[in-house]
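Bear in mind these aren't lab numbers, they're just calculated from the coordinates by the rules spelled out. In this text, all values refer to a predicted model and were calculated from it rather than measured experimentally. Backbone-built Cβ (ideal geometry, glycine too); neighbour counts: all protein chains shown.
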Amino acid sequence: MYKYELNKIFKVTLKNISFDNVPTHKLIKLFKDGRHASHILELWIETNFEGIKKIDVKNHDFIDGKDNYMEAKNFTKNGAKFMPSRMLGVGRNYIKEEADKVIKSNIYIIIDINDMPTVRIKFVKGNDLLKKYPKAVIPFKLRDEFFNDN
């Protein structure tokens, strides 16, 4: 069991990736896509990080033992977009003022899934993310800088 810390990089190689008789390499490929990995990783976070509980509340995936709301976002081959999910996708609008309010209310759990089954996880306050990435996007080219544990 891990205890989360803000701005610390957790690097974990996931083991026992399975679903009945589906070959592991096919699941790993599937889980490099954030649409497929997100729900499974949310269960993994709740199972493996002390005091973090999954909740069903708009704009928040989790709550910790100190009443901090948390939201998980995957860092994919396209980077990480940490605006509310309802503002992502074709036909949806990004409304900065509304997004900023939500972002400031969360601690973000950014999960790098590009090297699946090895993942890097970083917990960051929404305020801190907005200061550095005001458009609510961390570009892929800044991946190593974001996950630098120095």
Amide hydrogen neighbours beyond the local backbone of residue 75, cut-off 5 Å, H modeled: 111, 112, 113
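In the chain, what percentage of the DSSP-assigned beta bridges are antiparallel, given to the nearest 5?
70 percent
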Virtual paramagnetic centre 7 Å along Cα→Cβ of residue 53, amide N under 17 Å, in the stretch 1-17: 4
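Hey, got a sec? Which GluC sites (Glu not before Pro) in the stretch 13-62 land in a DSSP loop and have at most 11 other Cβ atoms within 10 Å? Before the final figure, lay out the partial values.
Numbers: sites: 42, 46, 50; in loops: 50.
Qualifying residues, ordered by number: 50.
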[x] 64; [y] 49; [z] 43, with the label sought being that of the calculated percent of Cα pairs over 21 Å apart: [z]
Between the stretch 1-78 and the stretch 87-146, the alpha-carbon center distance in angstrom: 15 Å
Per-residue [θ]222 nm for the chain (sum of -39500 (n - 2.57) over DSSP H runs n ≥ 4, rounded to 500): -7500 deg cm²/dmol
Degrees between helix 34-48 axis and first principal axis of the chain (Cα, 0 to 90, nearest 10): 80 degrees
Fully extended contour minus Cα-Cα distance, from residue 137 to residue 24, at 0.36 nm per residue: 37.6 nm
